[in-house]
Amino acid sequence: MAKVVLITGANKGIGFEVARQLGHSGFTVLLGARDASRGEAAAAKLSAEGSDVRPVIADLDRAPETATSLAGQIQKEFGHLDVLINNAGAFDLTGGDGPASAVSIDAMKRTFATNFFGTVEFTQPFLPLLRAAESARIINVSSGLGSVGLNNDPASPFYSVKPLGYNASKAALNMFTVNLAWELRDTKIKVNSICPGFTATDLNNNTGTQTIEEGAIAIVRFAQQTDDSPTGGFFHKDGTYPW
C-alpha cells in the first residue's frame, strides 16, 4: 500500500513541487489548499502525470475545523497518515511587518495566526493518525529567518533581514518542532523544521534566488527519511541551522 502524505499550501509554489516529486515517488498525495477550485486544478495537473493526487481542503485560517474534518476522512479511507508537511505559511506584504520599533501589531498577529497558531491547531487532530502509521514524519516548513542564532550573527546573510512578525513566527514554529519531537521521542514519528531556502514564490513576490525545484529538495528528502534519522532538528538542503 502506498504511503499517504498530506501537504498544506500545495496548490502552488514549493508545496506543489513537493507534491509532484512525492507523487512520482509513489506516495498517495493529499494536496491541501484553502480554495477547492485551485486545489482541484493543481491535483488534476499532477494526476495527469500519473500520480495518485487528491485535492483536500486545508485552511489554516479555519485550522481546527478543516483539520478535524480531514482527519475523519483520512481515518475512514486509510486508517493512518505517514507524512504531514506543514508547508502553508504567510508573509505580510502590505508593509505592516518590519523592524521591532515600527512593526504593526496587527500584521504580527495575522502572521502568527497562520504560521504558528494555525499550524499547531492544524497538526493536533492528525497525531492519532500519525501514531497509527508504521513510522511517520512531520515536517514544519520554517525559514533561516526563524533562527535566533543567525539573526544575531553579523556573518549571516539573514543578519540584516528583520521583519519581526515573520521571523518571530518562524522561531515560534521551531519551538513547536522541538517540543513535539520531545513529546514523540519514544515513537517512530520524526519531527523536524526544514528551511527550503530563499525560493522564488508568491510569498516573496518571486524575489527569491532559488528555483522551486531547489526549494523542494530538503522537504522531499526528510519526507522519506529512515527510522534512524534525526528528530527535533532544523535542516536545509545543505546541512543544519542553529536555533
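Please count how many residues of the stretch 43-67 are within 19 Å of Thr123 (Cβ to Cβ) and open to solvent by 50 Å² or more (accessible area, probe 1.4 Å). Break it down stepwise before answering.
Taking the stretch 43-67 as the starting set, the residues that turn out to be within 19 Å of Thr123 (Cβ to Cβ) are 56-67.
If we keep only those that are open to solvent by 50 Å² or more (accessible area, probe 1.4 Å) as well, we get 57, 61-62, 64-65.
So the answer is 5.
Going by what's in this entry, would Val56 be described as more than 19 Å from Gly165 (Cβ to Cβ), hydrophobic (A, V, I, L, M, F, W, C) and touching an Asp or Glu at 6+ places or on another chain (Cβ under 7 Å)?
No: the conditions fail for Val56.
Could you list all residues from the stretch 189-213 that are open to solvent by 70 Å² or more (accessible area, probe 1.4 Å) and modelled with pLDDT of 85 or more? Spell out how you get there, then give the answer.
Step one: filter the stretch 189-213 for residues open to solvent by 70 Å² or more (accessible area, probe 1.4 Å), giving 198, 202, 205-207, 209, 213.
Result: Glu213, single match.
So, in the stretch 217-243, how many residues would count as being open to solvent by 30 Å² or more (accessible area, probe 1.4 Å), part of a loop (DSSP other than H, G, I, E, B) and either in contact (Cβ under 8 Å) with a residue 60 or more places away in the chain or not charged (D, E, K, R) (or both)?
Looking only at that region, the number is 8.
For the structure I just gave you, tell me whether Ser47 is at pLDDT 95 or above and within 25 Å of Lys190 (Cβ to Cβ).
For Ser47, the condition - at pLDDT 95 or above and within 25 Å of Lys190 (Cβ to Cβ) - is not met.
For the subset of the stretch 156-165 comprising residues that are at pLDDT 95 or above and open to solvent by less than 20 Å² (accessible area, probe 1.4 Å), which member is farthest from Thr119 (Cα to Cα)?
Per the criteria, the residue is Pro163.
Here are some residues: Glu40, Glu17. Which one is surrounded by 21 or more Cβ atoms within 10 Å (Cβ to Cβ), among the acidic types (Asp, Glu) and touching a residue at least 12 places away in the same chain (Cβ under 8 Å)?
Values: Glu40 fails: surrounded by 21 or more Cβ atoms within 10 Å (Cβ to Cβ).
Criteria check complete, one pass: Glu17.
Return the total of residues in the stretch 133-173 being in contact with an Asp or Glu (Cβ under 6 Å, 6 or more places away or on another chain) and among the aliphatic types (A, V, I, L, M).
2
Filter the stretch 138-155 down to residues that are out of contact with any Pro (no Cβ under 7 Å at 6 or more places or on another chain) and open to solvent by less than 10 Å² (accessible area, probe 1.4 Å), then give me how many there are.
Residues flagged as out of contact with any Pro (no Cβ under 7 Å at 6 or more places or on another chain) and open to solvent by less than 10 Å² (accessible area, probe 1.4 Å) within the stretch 138-155 amount to 6.
I'd like to verify a number: residues in the stretch 125-137 that are surrounded by fewer than 22 Cβ atoms within 10 Å (Cβ to Cβ), charged (D, E, K, R) and in contact (Cβ under 8 Å) with a residue 60 or more places away in the chain, how many?
0
Considering the stretch 69-116 alone, what residues qualify as being of a type in the set (Ser, Thr, Tyr), surrounded by fewer than 18 Cβ atoms within 10 Å (Cβ to Cβ) and under 21 Å from Ile7 (Cα atoms)?
Ser69 - this is the single residue of the stretch 69-116 that is of a type in the set (Ser, Thr, Tyr), surrounded by fewer than 18 Cβ atoms within 10 Å (Cβ to Cβ) and under 21 Å from Ile7 (Cα atoms).
Report yes if Val29 is of a type outside the set (Phe, Trp, Tyr) and within 21 Å of the chain's Cα centre (by Cα), otherwise no. Talk me through it step by step, then tell me what you get.
On the way: of a type outside the set (Phe, Trp, Tyr): yes; within 21 Å of the chain's Cα centre (by Cα): yes.
The answer is yes for Val29.
Consider the stretch 140-155. How many of its residues are within 19 Å of Ala113 (Cβ to Cβ) and not β-branched (Val, Ile, Thr)?
5
The values are calculated or read from the model by the stated rules, or taken from the named source; none is laboratory data. From a predicted model like this one, the values you see are computed outputs, not experimental measurements. As a convention, Cβ positions derive from the backbone with ideal geometry for all residues, glycine included, and neighbour counts pool all protein chains shown. SASA here: full protein model, heavy atoms, side chains in, ligands and nucleic acids out. Shrake-Rupley method; radii C 1.70, N 1.55, O 1.52, S 1.80 Å.
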